[in-house]
Structures are given as C-alpha cells and as structure tokens.
Amino acid sequence: MVNVFENAIGMVERTADLLDFERRFKGMQIIERMRIPDKTIEFRATVQLDNGPLKVFHCYRIQHSDVLGPYKGGIRFHTDVDIDEVKALALWMTMKTALVELPYGGSKGGITVNPKTLTVTELERLVRKYVFRLVNDIGPNIDIPAPDMGTGAREMAWIFDEYRKHRDAAQGVVTGKPIELGGSLGRMEATGRGVVCAMLEAAKNMGLRDYTAAVQGFGNVGMHAALDLHQRGIKVVGVGDITGSVYSAQGIDIPGLVLHQKKTGRLEGFPGADPMEDVVTCKCDVLLPCARENTILADNAEFVQAKLIAEGANGPTTPEADAILEKKGVVVVPDILANAGGVIVSYFEWVQNREGFYWEEEDVNARLFARLRKAYARVKDMAGRRRISLRQAAYCIAMERIVQAMIARGVQ
C-alpha cells in the first residue's frame, strides 16, 4: 500500500540532505517542523438525509505551515479521503505556494464522501456543517479554502454564505467562488491552463516539434487542459478517466468528447476513437496525468512512451516510478510547479476581493502565465546548475524559501 504522506515527506528529507540543512541549521529540527503540521483538525459531521435517517461523515482540515502567510488549500470530497492523504496535500501546498512566490502557507481539507450519492440539499447541509465546525479556524487572514476534487464554485458559495452567518462578511474567506459572489474570471480553467503553460515551456526547452499529447483524468483539470491543447492546435491522441480510455492517432475532437461525457457520463463509446487499456502507456510525446495520486507506478512507468510528463494531479508519480522515468530520460515537470495555476489564480481572486477591483480574464491569464514562466525558468536554471531533476530543483527552491522564513521568524 502506497502511503502518499510518507512519499511526500521523503522528498522533503532528500531535499534537506541535498541542501545540507543539518549542518546549516543545526538543532533547528527542520524535518520535524515539516513532518508535523501546525494544526490537525479531525471531526465528524452528522447530516440528516432527505429520506429521514442520519449519516456520519469523517471530516479533516490540515494546516501544515503558515511561515510565509495565511494557510491556503482546497477541500476534497472523495471516498478515499483519509488523514494521510490530506496531510500530504497540505504539505504539497506549502511547497507549491513557496515555489511560485505567493504570500501563503499550505493547508488542505477533505470529507470522506462520494458527493454523487447525495442530493443537492444533503450536500449543502454537509458543507454548511463542515464550515460551522471550522468557523474559528478559517478566515481571509487565517486559512482560505478553495475547490479540489469533488467540489467546485457551488460548494465555495455555500462556504462563503455559511461563514458570513457567524463572522463579518468577507469575500476573501474562500476562493473559487461564482463570479456573482466575487469569484475571479479564469479561476475554473486556471489549473488546466497552467499545466499546459508549464508543458509548453518544457517542450520548447526540449526542442519538441509537432508533438502529440495524452491526458489522464477528465475532471476540471484534465478537461480544461485538453481543451487548451486542442485550441492551440496540439493533437490530443489519448484521454482516459475512471470510466475508460479512448485513443485516436489522428487526434480526438476534444469539444465533442466533452459533450459526449456530459451526455453519457463516460468517455467510452465516443465516435472516432477506439477504447484502450491505459492512457499512461499510450503512444504519445507528452503525457498530462491530471487524475489523482499514485497513477504512475513502478509497474507501468517502464512502459511510458511519452518524452515529457507535466503533472496536473498532485503526487501522480511514486518515487519508484520517478526513478524509472529519470533513467529512461523522460522529463517530468513536477506537480508543485505544473499544477500551481489554480492556487495562483486563487491568490488573484483573494487580491481582487480585498481591493474591490476586478480584472479582465485576459489580465488574469497574462499574470498567470508570467508567474508560471518565471517559476519554470528558476527551476530549469537550478536543475541545470546542480545537475538534478526538475522535481528536485523545484523542492530545493521551495524548501530554501520556507526554511529561510522559518528561521527569520524565530521559535519563541
């Protein structure tokens, strides 16, 4: 069984060794301060179902580190959510915000639930109960939630509305809201667009031309990444999710696939594309894993045909698979860089809420791409100078910034 938190903290430990933290910050307990979150919140939410009985849900909020600013992180609704997954996601968010130089720390929330099994009214009760239990732990200057897997603008609107019942109204308490409630243009598409932006920078550096792409996962991130690729004229030959995978060497009509999925709830059966077993190993030049953790494993990494991987999901590649890919010469743009577009535009939304002045979508996208390109350039430069992978370089930059802030703030 793969433990995502141990994988995450293992990368932190290897980075600390590479940066010689033990000698440079002797006795400062850097690894323990990264391993143990600032605050772990775990509770139950009891919700009455529409047909009468009660149901109990396991709820979590992990506030990993606030040395660089207020905690920031999404809320995930999934049946596999557990404490270790949420801890890993919170740690990765700390790394991500540090890498792209946002004034945030990292947090994450989750509820162990399949939201599709609840009615809209049941889901709203659950969200409001979750917020009520956290009302003293979140806020625009404390901890700012956002959407993640299984949640979206609707749930963020409920969070905003429930919070304002108990505290002064503050639009910046949550990001990823509907536009009507202070959301930012471009926020919904931001993570997928950001993955493509990071991928384009890497492809340019590698000298790739006329390349094909495949996308694993067709939720918010994967769908918008695929649409962005399609709009840029990049041939998407493979797409897969938990309902199945489809492939066409001539390229898939992505807008048509979106309509097919909305109509049928599945990718399989799409005209003009053939079913396939595993999109991770399909014939393509660029792979965008945008599903969830631990989908590129030791047993399928050897068969990856892509030359470049841009990680749209958090933690899609295990350390064992990472070593195999590096040996094969596959370039991997790591998750803490490639999927940072969502938190970057969440930051833009928070800024707009505080200013009361809202930007055009073109401005949002221009600022997003500029920040990601700058971060990629720093990572690429670090990787070249130290002769390390892009993942290791990204962690070096993020960890150095976090630890310098940690030391500067003192411990008393």
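Tabulated data for the structure shown
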| item | result |
| --- | --- |
| Which numbered condition residue 382 fails, given (1) over 18 Å from the mean Cα position of the chain (by Cα); (2) hydrophobic (A, V, I, L, M, F, W, C); (3) within 13 Å of residue 187 (Cα to Cα) | (3) |
| Residue satisfying all of: in the stretch 337-391; among the β-branched types (Val, Ile, Thr), touching a helix residue (DSSP H, G or I) at 6+ places or on another chain (Cβ under 8 Å) and more than 18 Å from residue 94 (Cα to Cα); surrounded by the fewest Cβ atoms within 10 Å (Cβ to Cβ) among these | 388 |
| Members of the stretch 185-195 found to be more than 14 Å from the chain's Cα centre (by Cα) and either surrounded by fewer than 21 Cβ atoms within 10 Å (Cβ to Cβ) or aliphatic (A, V, I, L, M) (or both), listed by number | 185 |
| Sole residue being part of a helix (DSSP H, G or I) and without any contact (Cβ under 8 Å) to a residue 24 or more places away in the chain, chosen from 116, 129 | 116 |
| Filter pass, residue 275 being part of a loop (DSSP other than H, G, I, E, B), surrounded by fewer than 21 Cβ atoms within 10 Å (Cβ to Cβ) and modelled with pLDDT under 95 | no |
| Near pairs, Cβ below 9 angstrom, 6+ apart or cross-chain, from the stretch 160-172 (assigned by TED's automatic domain parsing to the domain that holds residue 134) to any residue that is of a type in the set (A, V, I, L, M) and surrounded by fewer than 13 Cβ atoms within 10 Å (Cβ to Cβ) | 160/169; 163/169 |
| Residues of the stretch 397-412 satisfying the condition of being closer than 16 Å to residue 25 by Cα, surrounded by fewer than 23 Cβ atoms within 10 Å (Cβ to Cβ) and either touching a residue at least 40 places away in the same chain (Cβ under 8 Å) or not small (Gly, Ala, Ser) (or both) | 400, 401, 403, 404, 405, 406, 407, 409, 411 |
| Where a residue in the stretch 185-211 is in contact (Cβ under 8 Å) with a residue 12 or more places away in the chain and its partner, wherever it lies, is aromatic (Phe, Trp, Tyr), with Cβ under 6 Å and at least six apart | 197/369; 198/376; 201/376 |
| Some residue of the stretch 244-253 being exposed (fewer than 15 other Cβ atoms within 10 Å of the Cβ), more than 17 Å from residue 226 (Cα to Cα) and not small (Gly, Ala, Ser) | no |
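The values are calculated or read from the model by the stated rules, or taken from the named source; none is laboratory data. Bear in mind that the values here come from a model prediction, so they are computed numbers and not experimental data. In this analysis, Cβ positions are derived from the backbone assuming ideal geometry, glycine residues included, and neighbour counts consider all displayed protein chains.
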